[in-house]
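The values are calculated or read from the model by the stated rules, or taken from the named source; none is laboratory data. Given the structure is predicted, the values throughout are model-derived calculations rather than measurements. No Cβ is skipped: glycine too gets one built from the backbone with ideal geometry, and neighbour counts run over all protein chains shown. Just the protein is used for accessible areas: all its heavy atoms, side chains included, with ligands, DNA and RNA removed. Shrake-Rupley method; radii C 1.70, N 1.55, O 1.52, S 1.80 Å.
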Amino acid sequence: MIETLNRKMKTLQLENLVRENIQNLTAYSSARDEFKGTADIFLDANENPYGTLNRYPDPHQVQIKEQLAELKKVGTDQIFIGNGSDEVIDLAFRIFCEPGVDKALTFSPTYGMYDVSANINNIELIKQPLINDFQINLNQLQPYLDDPSVKIIFVCSPNNPTGNTFNTEDIEYILENFDGIVIIDEAYIDFSKQASFTTKINQYQNLIVSQTFSKAWGLAGVRVGAAYSNSKIIDVYNRVKPPYNVSVLNQEAVLNSLANLEEVQQNITQILTERERLKELLATLKMVNKIYPTDANFLLVQVDNADETYEYLIEKKVIIRNRNKLVNNCIRITVGTPEENEKLIEALQLISKS
Ligand SMILES: *Cc1c(COP(=O)(O)O)cnc(C)c1O
């Protein structure tokens, strides 16, 4: 009886999480919303009758959602398609956080975009340091789980720039014990052996899983990301987003990739093979002190002097990411082609000797 009551309260709170102005929002109704059928002549959207890209894109990205629904085993009403996953992050602040009042939380070091997006939206972002090989400190987190002004927790898993996935039980603890929204950013999930949380969107009402076509799918230039959640949250996302947020060209590029899943998978396999080879080669260098375990397409590497290594590689026309400010003397190396990785190692071998 008490359990039923608690669960009901939780449902109620979830609806209260959406800002009042958003709850009462009337979404823009496009020409394509008002007439959805097929016809011969469309004179309803002030489009130019000439050209090949003269028509507005499908505002609901139906074709992409149908394919993704099958691939991810979710409903089409449980998918939001965004202009990169950056849009998924930005809309989360706009939907759930009252500017200047509410807060969000993430774990540091992590992806810098949560902070930028929080600042743009005038939301304080609490950064809880990760501990013991970059895992979540649940004890320290507890007071924030109980703080009603914290509306969103961002969990980046596999985490950028550390590369590791967080313990599944820790993420589930947060989902079960936090009454706000939990966004699991799975930008790198296709490189990981860990199961995606997309299978749990029916189990946890406060869960949003964010994925992207930018990394494993090789479409960073296209700018398409996806969020998976229950249909109530997805409905709010769809009402808040700009109506035509994903262009015709972007939708075509994604559909093309979805029609060539084997090629996508081959690329992932190749990158994972190269990642292991790169790890072995880096381990032979004297300047390398530690290579952190990774579930992503990059390696976090501790070297003798990250600033010097970074500057030196620039001279050799090889650009890596200096993460010294986030993790002491660490650089982040994205796995490239075999030739690119070879060039990187050759350059590093030269300074490793001197
Ligand atoms: C690269 C990356 C993304 C991708 O963002 P897009 O806007 O989809 O390109 C998202 N989250 C993390 C943690 C990333 O590292």
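Overview of results
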quantity	calculated
Considering residues of region 208-220 that are within 10 Å of the ligand (Cβ to nearest atom) and not in a loop (DSSP other than H, G, I, E, B) only, the residue nearest to N260 (Cα to Cα)	T212
L141, sole failed condition from (1) within 21 Å of I201 (Cβ to Cβ); (2) open to solvent by less than 10 Å² (accessible area, probe 1.4 Å); (3) more than 16 Å from the ligand (Cβ to nearest atom)	(1)
Which numbered condition V88 fails, given (1) part of a loop (DSSP other than H, G, I, E, B); (2) within 15 Å of the ligand (Cβ to nearest atom)	(1)
Helices (runs of 4 or more DSSP H) enclosed by region 230-335 - at least 3 residues per element that are out of contact with any Lys or Arg (no Cβ under 6 Å at 6 or more places or on another chain) and of a type in the set (S, T, N, Q)	248-258, 261-283
In region 118-138, the residues that are open to solvent by 60 Å² or more (accessible area, probe 1.4 Å) and more than 16 Å from the ligand (Cβ to nearest atom)	N119, N122, E124, P129, I131, N132, D133
Candidates T52, T76, filtered to the one that is more than 16 Å from the ligand (Cβ to nearest atom), assigned by TED's automatic domain parsing to the domain that holds L255 and crowded, with 17+ Cβ neighbours inside 10 Å	T76
Matching option when the condition is charged (D, E, K, R) and at positive phi, among D102, D133	D133
Identity of the residue in region 100-117, in contact with a strand residue (DSSP E or B) (Cβ under 7 Å, 6 or more places away or on another chain) and over 10 Å from N159 (Cα atoms), that ends up nearest to the ligand (Cβ to nearest atom)	Y114
Conditions (1) part of a loop (DSSP other than H, G, I, E, B); (2) within 14 Å of the ligand (Cβ to nearest atom); number of the one not met by Q205	(2)
When residues of region 189-202 are limited to those that are in a helix (DSSP H, G or I) and of a type in the set (S, T, N, Q), the one surrounded by the most Cβ atoms within 10 Å (Cβ to Cβ)	T198
